Every structure is written in structure tokens, then in C-alpha cells.
Amino acid sequence: MNAKILTLIGVTLPTVALAAEPEVPYPADYRDWHHVKSMVIEEGHPLYGDFGGIHHIYANDKALAGYRGTQFPDGAVIIFDLLAAEHDENAVTEGARKVVGVMHKDSTKFAATGGWGFEGFGGGDPNKRVVGDNAASACFACHQPQREQDYVFSQLRD
């Protein structure tokens, strides 16, 4: 019998909710946030295979306060917008979006990864999560040496 039928005849079965890993939400309108910096990783750089291209870093208001201070408050969100770098006629221009990487500060939900939740959205598609349950090994492992900067690599450009 299904639960609906059992409830109708007066029998209530306990339900067990399975705890899901907390998800990092897709950052709508992040390109309207504060632009922190840009950079280009070209062939020959050790991170080129995974992160080659044009990077733009964006911060919401709480993250901006964190950049200006020493710690990032809960609710801070940092975006790593990675685009292909197109080389043509001695110019480098933006190509297709490769990934939108997100760091979302919530010291309770993401205590195991320094208070940060990590996610990547392939091609910038909010439905194409590329990190998922692998945040500790795929992202946080590289960010651990930045502990003194609250696990953040980028710095606010003057």
C-alpha cells in the first residue's frame, strides 16, 4: 500500500528524510556585482589544462567587505568566470564560457571546507553542476594553502 492510502485508513508511517549535501546556488546577475580583477592563463602555465583562458572575478557586497577586511562573512559569494581566450590578429578576446565557479561562504553548512561551499557550472549553465560532492578534493584541496586569506586566492585590485 502506498502512504496516501495508509493515511486515509488511519495508519501513519514515519518517513525518513535523507540529508543531502548542501548545494551552492547559481549566482543570478553576478555580472552586475563588483568586478575584482581579470587575468589570462596561457599555454605554458601549470594550471593551463584546467583553467586556461580569461578569468573575471566578481564579488557580491558581502564578499567585497571580506576583501576589504580580513575575513569573509557568511553570505559572501565570489565568482570565477572562466572564458576561452581567442587569439586573432594580435588581440586576445573572450570566447565561449567554460565554467562559472562559485565560492559561497556559510560557515555552518560548509564547515568541512573552511566555511566555503564550492561549485562549478559548466558553460555557465545553472543546471550543469561539475563539482557536486567533490568540493573537498576538486576545490578546497587547492584553496587550503590560502588559509590566512580565508581560503581566497584573489585580492581586490586597487
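Take Gln155 and tell me if it is closer than 18 Å to Val40 by Cα and among the polar types (S, T, N, Q).
Numbers: closer than 18 Å to Val40 by Cα: yes; among the polar types (S, T, N, Q): yes.
When the stated conditions are applied, Gln155 passes them.
Within the range 100-158, restricting attention to residues that are basic (Lys, Arg) and closer than 21 Å to Ala84 by Cβ, the residue that is surrounded by the fewest Cβ atoms within 10 Å (Cβ to Cβ) is Lys128.
For the range 67-77, the candidate set comprises residues that are more than 16 Å from the chain's Cα centre (by Cα) and touching a residue at least 24 places away in the same chain (Cβ under 8 Å); within that set, the residue that is surrounded by the most Cβ atoms within 10 Å (Cβ to Cβ) is Tyr67. Of all residues in the range 117-158, exactly one satisfies the criterion of being in a strand (DSSP E or B) and touching a His at 6+ places or on another chain (Cβ under 7 Å), namely Gly117. When Gly52 is tested against (1) more than 19 Å from Tyr26 (Cα to Cα); (2) loosely packed, with under 14 Cβ neighbours inside 10 Å, exactly one condition is not met: (2).
In the range 84-107 there is at least one residue matching the filter, namely being within 20 Å of Pro25 (Cβ to Cβ), in contact (Cβ under 8 Å) with a residue 12 or more places away in the chain and out of contact with any strand residue (DSSP E or B) (no Cβ under 7 Å at 6 or more places or on another chain).
Hey, among the residues in the range 35-66 that are in a loop (DSSP other than H, G, I, E, B) and in contact (Cβ under 8 Å) with a residue 12 or more places away in the chain, which one's nearest to the chain's Cα centre (by Cα)?
Within the range 35-66, the first condition is being in a loop (DSSP other than H, G, I, E, B), and the residues that meet it are 42-47, 52, 60.
Checking which are in contact (Cβ under 8 Å) with a residue 12 or more places away in the chain leaves us with 42, 52, 60.
Numbers: Glu42: 22, Gly52: 17, Asn60: 13 Å.
Restricting to residues being in a loop (DSSP other than H, G, I, E, B) and in contact (Cβ under 8 Å) with a residue 12 or more places away in the chain, the top hit is Asn60.
Could you tell me whether the range 18-32 includes any residue that is outside any loop (DSSP other than H, G, I, E, B), surrounded by 10 or more Cβ atoms within 10 Å (Cβ to Cβ) and either modelled with pLDDT under 95 or at negative phi (or both)? Yes, because at least one residue in the range 18-32 is outside any loop (DSSP other than H, G, I, E, B), surrounded by 10 or more Cβ atoms within 10 Å (Cβ to Cβ) and either modelled with pLDDT under 95 or at negative phi (or both).
The values are calculated or read from the model by the stated rules, or taken from the named source; none is laboratory data. Being a predicted model, the structure only gives us computed values, none of them experimental. Positions of Cβ are generated from backbone atoms using ideal geometry, with glycine treated the same way; all protein chains shown enter the neighbour counts.
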